[in-house]
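Here's the structure, in structure tokens; my notes come after.
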Ligand SMILES: Nc1ncnc2c1ncn2[C@@H]1O[C@H](COP(=O)(O)OP(=O)(O)O)[C@@H](O)[C@H]1O
Ligand SMILES: [Mg+2]
């Protein structure tokens with residue numbers, strides 16, 4: 001009952017609301033090398049919520065599963081021009097991007113099954129880590145040259161690994177959003193993820209920082225969910241959104257209708273949570289120029305946070321600091337793609 005009243009209040013507060021437009025395009029990579037934590041769900045619903053609030057939003061589906069494309073109702077059958085052609089063939093994004101059939105101002109660069117080969121194909125390519133960034137830069141310039149409105153938000157949905165696709169996603173973005181599922185082992189792997197982000201910061205993209213953490217699949221009835229939430233908030237007080245996304249059947253049903261929950265059931269508690277999370281992201285971004293809550297985030301603070309989490313979760317110690325870009329980059333790949341990348345690394349030499 002209390003929950004219903006709360007929902008009603010939130011609905012009134014958020015109805016028809018316009019969110020502030022960022023001064024420049026915000027590129028946000030949604031990453032967590034764990035599968036099933038809500039990356040795709042978060043990507044598509046935040047994107048739809050921001051587009052519904054009047055902003056121009058582009059989703060880059062960077063996962064061979066193509067789940068973000070499915071959820072946005074975007075055609076991604078084999079042979080459809082996709083992010084694969086952009087990454088591997090250097091095709092322009094404007095030749096593959098599609099507009100959402102349900103939400104105006106929302107576009108998606110789809111992923112097809114072809115992308116599953118890209119991880120290996122990229123290994124031997126020139127500028128393999130910066131291909132997505134170069135393609136996005138060119139697309140944003142092309143839009144400007146065409147007199148099209150600028151894109152306000154770009155969300156990149158990542159596969160559940162730390163391979164070259166994810167490296168490309170870390171290089172194209174300034175911000176990382178980490179969804180954390182409020183369940184046992186939630187923090188396991190987080191320090192590995194933060195160390196990978198640190199390596200990218202140090203060698204490939206100094207602007208990269210974790211701007212946002214979103215607690216997903218939160219079940220307020222369980223002590224465990226509350227404990228996980230508390231622990232995350234203790235370690236990342238400024239970056240964890242106040243809004244938590246509840247476990248919701250409507251959220252999980254929406255993709256099978258080719259929809260986000262924002263259009264499938266806009267009044268549901270899941271849709272309201274994503275709308276509220278989107279508002280927080282938009283308002284925080286408007287408050288500081290770089291989208292972080294405190295504006296001071298950098299390598300050092302991410303390192304401190306990574307260590308705090310690694311103590312908290314008693315993760316195994318990590319490899320020593322890497323010196324060169326090549327080493328850093330292959331260290332990231334080895335975490336999930338040990339053999340092929342190590343083999344390619346030898347070829348490089
Ligand atoms: N808040 C939620 N409530 C219920 N089910 C959810 C919620 N968030 C995600 N799911 C479901 O959990 C599964 C994994 O989510 P998904 O976003 O695909 O994770 P990832 O992209 O990290 O692998 C999907 O079936 C999705 O529909
Ligand atoms: Mg996914």
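Each value in this text was obtained by applying a stated rule to the coordinates, not by laboratory testing. For clarity, every value in this text was computed on a predicted model and none was experimentally measured. Here the Cβ positions follow ideal geometry from the backbone for every residue, glycine too, while neighbour counts run over all protein chains shown.
If a/c stays under 1.5 just call it rounded; otherwise compare a/b with b/c (prolate if a/b is bigger, oblate if not). Do that for the range 68-187, with a ≥ b ≥ c from the square roots of the Cα gyration tensor eigenvalues. Before the final figure, lay out the partial values.
Working: a/c = 1.41, a/b = 1.18, b/c = 1.20.
In terms of gyration-tensor shape, rounded.
With the crude spin-label approximation of a point 7 Å out along Cα→Cβ, what separation in nm comes out for residue 146 versus residue 25?
Going from the residue 146 label point to the residue 25 one covers 1.2 nm.
Assuming R0 = 25 Å, what is the FRET efficiency of residue 89 and residue 207, from their Cβ-Cβ distance, to the nearest 0.05? All intermediate terms of the calculation are to be shown ahead of the outcome.
Working: r = 27 Å, r/R0 = 1.09.
With a Förster radius of 25 Å, E is 0.35.
Can you sort 217, 125, 262 so the residue with the fewest Cβ neighbours within 10 Å comes first? Write out the running numbers ahead of the final one.
On the way: 217 22, 125 14, 262 27.
Placing the least packed residue first, the sequence is 125, 217, 262.
Would you list 60, 177, 204 from fewest to most Cβ contacts within 10 Å?
Values: 60 31, 177 26, 204 19.
Ordered by Cβ neighbours within 10 Å, fewest first: 204, 177, 60.
For residue 188, project a label point 7 Å along Cα to C-beta. Then give me every residue of the range 145-166 with its amide nitrogen under 20 Å of that point.
Taking a point 7 Å out along Cα→Cβ of residue 188, the residues of the range 145-166 whose backbone N falls under 20 Å are 160-163.
Mind giving me the nanometre distance, one decimal, between the label points for residue 222 and residue 99, set 7 Å out from Cα along Cα→Cβ?
Taking the two extended label points, one gets 4.2 nm.
What order do you get for 232, 30 when you list them from fewest to most C-beta neighbours inside 10 Å?
Numbers: 232 24, 30 31.
In increasing order of surrounding Cβ atoms, one gets 232, 30.
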